[in-house]
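Worksheet: one structure, shown below.
The values are calculated or read from the model by the stated rules, or taken from the named source; none is laboratory data. Quick caveat: nothing in here was measured; it's all calculated off a predicted structure. When we count neighbours, we look across all protein chains shown, and the Cβ atoms used for this are built from the backbone with ideal geometry, even at glycine. All accessible areas refer to the heavy atoms of the entire protein, side chains included, with ligands and DNA or RNA removed. Shrake-Rupley method; radii C 1.70, N 1.55, O 1.52, S 1.80 Å.
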Amino acid sequence: MANLDDLYREIILDHYRTPRNRGELPTPPARRVEGFNPLCGDEITLYLELADGRLADIKMTGRGCSISQASASLMGAAVKGKTLVEVRAAIERFRQLMTVTETRLDEGAEPALPDVRSLGELAALAGVVKFPVRIKCAMLAWATLAQGLDEASAD
Amino acid sequence: MTSYSPSRVRADVPQFHREVRGRPLAYLDSASSTLPPRAVIEAMDRYYERHHANVHRGVYLTAEEATADYEGARAAVARFINAPGGAGEVVFTKNTTESFNLLARSWGASQLEPGDVVVVTEMEHHANVVPWFQLRESRGIEVRFIPVGDDYRLDLSHVDQLLEGARLLSVTGMSNVLGTRNDLAALARLAHDHGALIAVDGAQSVAHGSSDVARDGIDFLAFSGHKMLGPTGIGVFWTRRSLLDAMPPFLGGGGMIADVRTDGFTPADGVARFEAGTPPIAEAVGLHAAIRYLEGLGPDAVEAHERELTRDALERLEGAFAGRVRVIGPGDVTDRGGVLSLDVEGVHPHDVAQVLDQHGVCVRPGHHCAKPLMHRFGLAATARASFGPYSLARDTDALIEGLAHALDLFA
């Protein structure tokens, strides 16, 4: 059975209490992109500095639940300085991590957890998938980042 | 004379016989949806096992039985809300939201002219806001809001100005966020004095006290089955026959016509005009059983029990947390129902609800489909606990234990 400790791992509480990469970047040169989770009122604003095919810097502001804010903080640490190809790949990996697999109609069926060894600190968020309602909390920052990259490539 | 016992109601509800996360279920989310008693579930099972057929069509025995079941439910609803014109005024919909869409799309679109005014309140559920905004876009009506005061009650100090020239006042019987109950009879008089009609969102109020459209002078009433111990998938729209007869159909299709030709159609008379397609028959049967069950409990007894639970919870929350858990709603139980919206210091409502879940406590985090109200009080969300006829003081014990855990974990 899904346990509270699966969700509120110490690393998540740490990133919630002490979020990394908080703040703003001057726009321009940075891009500003906002994301909202209308169901629970989570909000995030990302500042993305793109240079030479890399996400040279990222800062963020926002408020919301521990999962949305910790996921944003962990994301910043994971993607800062990476090439845009690597960032896209990280977003896709995280999206897969947050995908609920089809379960049978049996009582007590639980989804199998994916292999998270390659994910580093992000693996702390793997337990979120056992709490399907919270997936959109964890996805907010990532979906907002993807939107920011899409907007940048459309310019 | 009824012999209402909350413990007996609890025994009647099968879901209370299961455990969640190794604990007894402390279901405090009745404002979202109530848990049906066995009588409701069995009535629907019996319907499907013995009587199911489509209604208003076949002349064979089970088709007659199904039709009698469906129309019998309509009669029960009419009696339950004291509809002066009886069953012929009761339209079955999918839920309260669809009832408001019917009101706006049918009555509103046919009766309101550009510039006409509909007055709602800041404490309305989106179901009683968005359809009027849609009508504002399509018909050019004006939508005004009665504000909510710092005491979490309607601020009626400028109501005469707001109702000036209004065609409709559309207001909730009880706020799904604050628990505030509105004085419907007084609001109906106000509306009528200004030449307006009054529509009531009864979603939160029908299961927690008596509803009487004739006594209160209401013109339109909307509510849902699943918030009054009945099933999901069925709601009610009621209005007086004289108003109903002037309303054009909202959804077109089978069942709502008197005639269809290659050059057009003639809608059916009466409530059938508003029930296109095969209706929710089993759900109507379940709603009928829920009404019988609620009437057996006695609406006044249920209301008194929930008031006492609320008084006790308000007192104990203050005692246990001394202001670290703030209740967004009236602090006393006068004109107040059993809804407690909580703002927990330093802990997001989603996290509050998640920790409570580990204690078997079901509450609802979020904006509760009342964003204008959340904006009014500068909140993104709250964690809402709400009582039902089966709630007991021990549910409040579990709530307080879980809140202490949440404060401890995130502090």
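Numerical summary
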| quantity | calculated |
| --- | --- |
| Selected residue [open to solvent by 10 Å² or more (accessible area, probe 1.4 Å), in a strand (DSSP E or B) and in contact (Cβ under 8 Å) with a residue 24 or more places away in the chain] from B:312, B:343 | B:343 |
| Given (1) of a type in the set (Ser, Thr, Tyr); (2) out of contact with any Pro (no Cβ under 8 Å at 6 or more places or on another chain); (3) within 23 Å of residue B:202 (Cα to Cα), number of the condition residue B:62 does not satisfy | (3) |
| Search result, residues across the stretch A:39-74 that are in contact with a Phe, Trp or Tyr (Cβ under 6 Å, 6 or more places away or on another chain) and away from every other protein chain (no Cβ under 14 Å) | A:59 |
| Matching option when the condition is among the small types (Gly, Ala, Ser), surrounded by fewer than 16 Cβ atoms within 10 Å (Cβ to Cβ) and outside the structural domain of residue B:338 (by TED's automatic domain parsing), among B:73, B:11, B:68 | B:68 |
| Set B:366, B:338: member being within 14 Å of chain A (Cβ to nearest Cβ) and touching a residue at least 12 places away in the same chain (Cβ under 8 Å) | B:366 |
| Residue in the stretch B:317-335 that is farthest from the other protein chains (Cβ to nearest Cβ), counting only those that are of a type in the set (Gly, Ala, Ser) and open to solvent by 20 Å² or more (accessible area, probe 1.4 Å) | B:319 |
| Residues of the stretch B:76-102 classified as open to solvent by 60 Å² or more (accessible area, probe 1.4 Å) and closer than 23 Å to residue B:212 by Cβ, total | 3 |
| Residue check, residue B:179 without any contact (Cβ under 8 Å) to a residue 12 or more places away in the chain and open to solvent by less than 30 Å² (accessible area, probe 1.4 Å) | no |
| Residue match in the stretch A:108-115 (condition: within 14 Å of chain B (Cβ to nearest Cβ), at pLDDT below 85 and in contact with a helix residue (DSSP H, G or I) (Cβ under 8 Å, 6 or more places away or on another chain)) | yes |
| Residue ID - nearest to residue B:210 (Cα to Cα), chosen from residues in the stretch B:369-411 that are assigned to a helix (DSSP H, G or I), open to solvent by 10 Å² or more (accessible area, probe 1.4 Å) and facing chain A (nearest Cβ under 10 Å) | B:371 |
